[in-house]
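Derivation of every value follows stated rules applied to the coordinates shown; laboratory data play no part. Because the structure is a prediction, the values reported are computed rather than measured. Positions of Cβ are generated from backbone atoms using ideal geometry, with glycine treated the same way; all protein chains shown enter the neighbour counts.
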Amino acid sequence: MRFTFTPVLMSTLLLAACSGDSAIDGVKEIPNRFGNVVNALDDFSSSSTGDSSNARGLKPNEVRVTMELPVNLAPNGEPTRRNLRIVVPDRVEVYKTDFTLRDDIGTVSYTSATDDDGNIILTFEDGVPVGPDVVVEAFYQGTSLKALAADGDRDIKVNPFSHYLVEQGLGGYDAIDFQTVMNCVDTSLCLNRYVWGTVADQVHDFEIDIPDNASIPSTLANLDARADFKAYVQAMADYALLGQDTSGSIRASSADYNSVFLGLELGQTFRESSALGAGQWGVRTAEEEQLTDTGTAFLYPALTLTSFDVFNINVTSLATDIPYDRRTLIHGSDDIGSQFFFTRGTDLWARNSHSSAPGAATLTPAPFEDQTDPARLLAGRALYQSVTDRDSNRINGWTRNPYYLDSYTSAPADESSSPDRVLANYFSAGKAIALEDNGGKLKRRETLENHYVSAFEFHLQRSVDFSFSAVADSVYNVVYLAPRFGNTDDPTVFETGHGTWQTDSPAGNQLSADVSLDNFQLIRDDSGFVRSEAGTQNTAWNLANRLSRLSAGDRHIGRLTLFENERGDTFGRSDMGQGAVTPDGSLMAFNLANSYLGDGLVIAGKEPTSALATAGRYRVQGAIIAMTDSTNTLFQIDNGVLEYDGGTSARFTANSFRMHHDIAQNTVSAPQSAAWDTTFNAVIDPDGPVTLSDSELTLNGFYTGAGDQMFLTLEDNTGPELQTGLLVATLIPDRD
């Protein structure tokens, strides 16, 4: 997938359409082999997303059409990913439509031809459509499916995923919504006119297998039951409703950010015969990657924001590149009902990469005149596949589903500056797949893992020459989440904590600092029983100004070392972890790596500069871990809302994705919808600490900045399901 700027559709009154029947008649006897077109099943690549693009050789006004059906409807079709089969459609129709999905609204001027491999090529006289008002419908042996013509990479796959997008995305609009979208499509300077091309492409990056015996209705019902897929389609349809006046851009032409990343996963593993189908917890933490044996080059976890003009549209583009390490805990049940635990650390998992292609995003609300305000950065994002253990006898391919990004960006310091932080949490499911080297190409084999990941990304602006004094002699509020796997007596521990962090004056490029913390532990012992424990700790969390090796030389760019006793070598590991800080020192974030707490995420902020906006609404994102003696559950809070009433209470509402592990049955459910709705009593300290509580849940943490960011841990020790987690709440602008 790539975000592609397609030509403008110049007229709404188009000429008579060609039916395309004659073009298809000549290929009815061609075998279902597409030799010169990439089948993603046969060519797994780390430089692409899951959906291979077959746009090569096409002219700018051409698209390629491929039809994919469930096995039950096309048993002799060519196998492809997601357990679908490629077929040559009996016929293809192209027509104008609207939110009613009628096919008699208007015709489209196009011609249809067939290439040597049996693929249908459509040529649009007025350019490839941009909006959702043109549908391609393919027919095969009594089955018909639809897709939008506005596909970003011009490789139109007509299958249940595209059909769901047409039926539930476009079909979910009313007349006002549809007209709003088309007003944007018909306005050359409206960036969001390209959203439909993006979503039409990205739905094919989802790794959701379709059962062999599925019909079209049951397949669509299965997709609708996948909470993450359904929410993505709905979010992107809503995103397309944003008009031209809602989009701004970053002030600088380019801005680089140090990234701190935590991926918290619950999934299912099929790798080991002794634990086939067992559940699996996992944690992923960002790492610096040494690129040469001599230490002359490093890759640092990073985000780049870029602002540029395309067709006189001001665009903000973002791209991430985050190396990470992984640790997992296999948790299952044997034939006699006893639970077992196997730890798999970085000695097994090769260094991996969580990276996204450059893609356009909407910064909203647009700046008002010369004001500098916080904003949301919105986009449909697709993540690259990756390959590890390339030279081994078991090559691993890693897939990651697209997601809707709703991130917070801080108010720039002045009119020429960029935000000093970009904060986000989102959900991405995926797979680990066994790959076979076939003449240099990697062919997909069996699925090794299904994993469901809650991802935290904290991007803090790089400094040119960071002044360590910015974090010295300061008081920070702090929260953390740290999974800890593999202890003999307590193999599963999820620890959260909150408190204060006092830093001293620097001694060269390091300083002493002490934390005072309240912690909460969610624990499963080696017999499978679950308990919670609460406590306090006072200890040293010291800091060092970490040197970074760049092409321009060694620099202090705002990366920090966190250590208790052992700082480590200049470019080496400490006994706690590494992180980053904003140029003014107001916000720090760290990845814990093999520390006494485990692996995880620490967030620390100075006292706020303004009171909490208790009359405002906050976007809430994050992960909640829940356990009973017989189950593990991971909740992803999907863009919830926390709304204060102006006084001492706040209401929290959210949809969430629920992944549920039944330990005895060795089953892990795909994401299901679960609603949250509760009212908290609120205690807000002007120095930053926040406590929100109801009869079961307690949220502890702090707010910082201009009262527009909150970082909260969650605990519930009331049972029978014990819970903990980490939430990020950021102010929703009034004009959002």
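Annotations for the structure displayed:
- Relative exposure of Met236, Met659, judged by other C-beta atoms within 10 Å (fewest first): Met236, Met659
- Cα-based shape type of the range 459-507, given that a ≥ b ≥ c are square roots of the gyration tensor eigenvalues and the cut on a/c is 1.5: prolate
- Zone of Asp42's modelled label, taken as backbone nitrogen in the range 76-98 under 17 Å from a point 7 Å along Cα→Cβ: 76-88
- Over the range 21-229, Cα pairs under 8 Å with separation of 6+ residues give a relative contact order of 24 percent.
- Cα gyration tensor category, rounded, prolate or oblate, for the range 434-576 with a/c compared to 1.5: oblate
- Pairwise FRET efficiency - Thr343 versus Thr653, Cβ, R0 = 41 Å, nearest 0.05: 0.65
- Taking the inverse of the mean reciprocal distance over all distinct Cα pairs, the Kirkwood hydrodynamic radius of the range 56-129 comes to 14.1 Å.
- Modelled this way, with points 7 Å down the Cα-to-C-beta line, the labels at Gln537 and Lys441 are 5.2 nm from one another.
- Relative contact order (%) - criterion: Cα under 8 Å, at least six apart; region: the range 421-516: 21 percent
- Percent of C-alpha pairs per 5 Å bin, the range 138-281, short to long: 2, 8, 13, 16, 15, 14, 12, 10, 6, 3, 2, 0
- Cα-based helix-to-principal-axis angle, 227-239 vs the chain, degrees rounded to 10: 80 degrees
- The range 524-562 residues near the modelled Val683 label - backbone nitrogen below 14 Å, point 7 Å along Cα→Cβ: none
- Dimensions of the chain based on its C-alpha atoms, expressed as ranges along the principal axes with the largest first, amount to 79, 68, 57 Å.
- Helical mean residue ellipticity (222 nm; -39500 (n - 2.57) per DSSP H run of 4+; nearest 500) of the chain: -2000 deg cm²/dmol
- Placing pseudo-labels 7 Å out from each Cα toward the beta carbon at Leu547 and Ala319 gives an inter-label distance of 2.9 nm.
- Coordinate range of the alpha-carbon atoms in the range 21-229 per principal axis, descending: 44, 38, 37 Å.
- Vicinal HN-Hα couplings computed from phi for the range 294-308 (Karplus, 6.51 cos²θ - 1.76 cosθ + 1.60; Hz; Gly/Pro x): 8, x, 8, 8, 9, 10, 9, x, 7, 10, 10, 9, 10, 10, 7
- Using C-alpha pairs under 8 Å with a sequence gap of at least 6, the mean separation divided by the residue count of the chain gives a relative contact order of 10 percent.
- Segment Glu125-Gln179, length gained on full extension (0.36 nm per residue, minus Cα span): 17.0 nm
- Whether the range 496-655 is rounded, prolate or oblate, judged on the alpha carbon gyration tensor where a/c under 1.5 counts as rounded: oblate
- Relative to the dominant Cα principal axis of the chain, helix 175-185 is inclined by about 90°.
- Stokes-Einstein, applied to the Kirkwood radius of the range 394-510 over Cα pairs at a viscosity of 0.692 mPa s and 37 °C, places its translational diffusion at 170 µm² s⁻¹.
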